[in-house]
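Only one structure is covered here, and it is reproduced in the block below.
The values are calculated or read from the model by the stated rules, or taken from the named source; none is laboratory data. Keep in mind that what you see is a predicted model, and the values were worked out from it rather than measured. A quick note on method: Cβ atoms are made from the backbone with ideal geometry, for glycine too, and the neighbour counts reach across all protein chains shown. Keep in mind that these areas ignore ligands, DNA and RNA; they rest on the heavy atoms of the full protein, side chains included. Shrake-Rupley method; radii C 1.70, N 1.55, O 1.52, S 1.80 Å.
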Amino acid sequence: MVTRKTKYKLEFGDFQTPDDLAYQIVQTLKNLNINPQSVIEPTCGQGAFLLAAAAWFPGSPQFIGVDINRLHLDILQKKIITQAITYPIKTICASFFEIDWSKLLADLPEPILVLGNPPWVTSAALGKQQGANLPVKSNFQKRKGLDALTGKSNFDISEWMLIQHLEWLKRRTGIIAMLCKTAVARKVLVYAWKHDLPIQEARLYQIDSSKYFNAAVDACLFVLKIGDIIPSEKVQIRFVGNSHPNDGVGLRNETQPTNLTYSPSKTCHCFEHLCDQKPSNTIGYYDDRVIADMENYKQLQHLSGIDKNYIWRSGLKHDCAKIMELVKNGQGYQNGYGVTVSLEDTYLYPLLKSSDIANDHVLDCRKYLLVTQRYIGEETSYIQNNAPKTWNYLQNNAEALFNRKSSVYKKRLPFSIFGVGSYTFSPWKIAISGFYKKLNFKLVRPIGGKPVVFDDTVYFLPCWFEQEAQFITELLNSNFATLFLESMIFWSDKRPITIDVLKRLNIQALARELNREDEYIFYVKQRMNEGGNGLDNG
């Protein structure tokens, strides 16, 4: 049960940054020769970052903290008094989404340091909690068609905020230093690089989110230097555990070459710890996407391209598992509410989920899926004549289906589903789970004489002949395919394997690389000779 307190914490991202982590982070910024003239924390809470910044940057004339919670700001003011901080720290009680930032930032001296820990919650999670602490609704990611209505339009609130920070500073000189999900940092980098914003340097430092926030998520300190900031060729190393800058104990002063390139190229250095001087790896922007392994990608980029003969598809989207997914028993089919019903087999298909694909459980199925349409928008009233028991079952559960929350179902025919087309009913498929941390493509055969269907966390290629499916599976599981795809995959992401990554691999080019292009052409012609039945025509 979600309590009022938990709901508030989720909606407002009210997870305070520990003081020791804030000091380590600001110390890291100081070691990068960052010396701001203004410091602003847009969601400051109880002020851990502001107080750390006041200690490390005493020469900065401006410190500003903004938060929606007056109680947090009162606690911050008490800390300022008890810690005898003499630097002026201005606090403003306001919502991030309502304050006039352009007016607030207009007269601040540069460089401006924008730092903090914005909410890690997503727009979808806030929607479920009926939260209102959101930006004005807009398709800021520029999604098109169905993507704009379904899960792809979901976004992290911190992503939207970070993009606002970029917009604030794109004609200024400054630094953004934020704690956020690593996946969010990469999305913001794509935005900056795609829009040619003046990023002078980008860095990611891994943060132990489990230790500091009890959160099982890949997180980082995300640092962007923006504008005409010219970094020193040498870095002063002063990091020693959790030492306070005023302790004066145990500090070691060294000047060492960094061996890093600070040109405004579209790369980002990644570090495993806040105190590291040498990056563990470097990610880059190439072919309009973030690349995890630039070396392998550039060596194999001739495999990149769209293959119109083999198009990756997602499984079915229905958003009502308790009604649409059923388990076969001796008396009929049992739904998610434990109710057993008698249904015709006409619209029931064997269902495999992500865990089935990942665990090689593909020869039989645990569940069946009620597939009400053969293509998007198909009339569903035909079910009444073709399968009256199924129609009665749908009518008895019409309220649950009508109340599906996704806007994609609005103004659609009753019992509509998505992600369905001729490809759904291909007898042979090559499938992979989006959630699991391994590239392992599985050949999926018909079960009980019917084609297998998947949920929408599974991606697949439809095939119409067994030998064709075996051939394509061998290509996809080759070392060349693995290296190419892994160069674009970030395994720490919640769903590391995406359909966008899979579509980047041109299967004909892969067949050519493996000296098997003649076989590829043979199977494509075989599909063509089927008079359209073997074509993936959506």
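Can you name the residue in segment 24-49 that is open to solvent by 10 Å² or more (accessible area, probe 1.4 Å), within 24 Å of Glu159 (Cα to Cα) and not hydrophobic (A, V, I, L, M, F, W, C) and, of all such residues, is nearest to the chain's Cα centre (by Cα)?
Thr43
Just wondering, is there one or more residues in segment 246-262 that are touching a helix residue (DSSP H, G or I) at 6+ places or on another chain (Cβ under 8 Å), more than 19 Å from Met178 (Cα to Cα) and either assigned to a loop (DSSP other than H, G, I, E, B) or modelled with pLDDT of 50 or more (or both)?
Yes, there is a match, as at least one residue in segment 246-262 is touching a helix residue (DSSP H, G or I) at 6+ places or on another chain (Cβ under 8 Å), more than 19 Å from Met178 (Cα to Cα) and either assigned to a loop (DSSP other than H, G, I, E, B) or modelled with pLDDT of 50 or more (or both).
I need the full set of residues from segment 474-493 which are open to solvent by less than 30 Å² (accessible area, probe 1.4 Å) and outside any loop (DSSP other than H, G, I, E, B), in order please.
Those that are open to solvent by less than 30 Å² (accessible area, probe 1.4 Å) and outside any loop (DSSP other than H, G, I, E, B): Leu475, Leu476, Ala481, Phe484, Leu485.
Restricting the search to segment 456-473, which residues are polar (S, T, N, Q) and either part of a loop (DSSP other than H, G, I, E, B) or buried (at least 17 other Cβ atoms within 10 Å of the Cβ) (or both)?
Thr457, Thr473, listed by residue number.
Considering only segment 426-443, state which residues are open to solvent by 10 Å² or more (accessible area, probe 1.4 Å) and of a type in the set (Ser, Thr, Tyr).
Selection gives Tyr436 alone.
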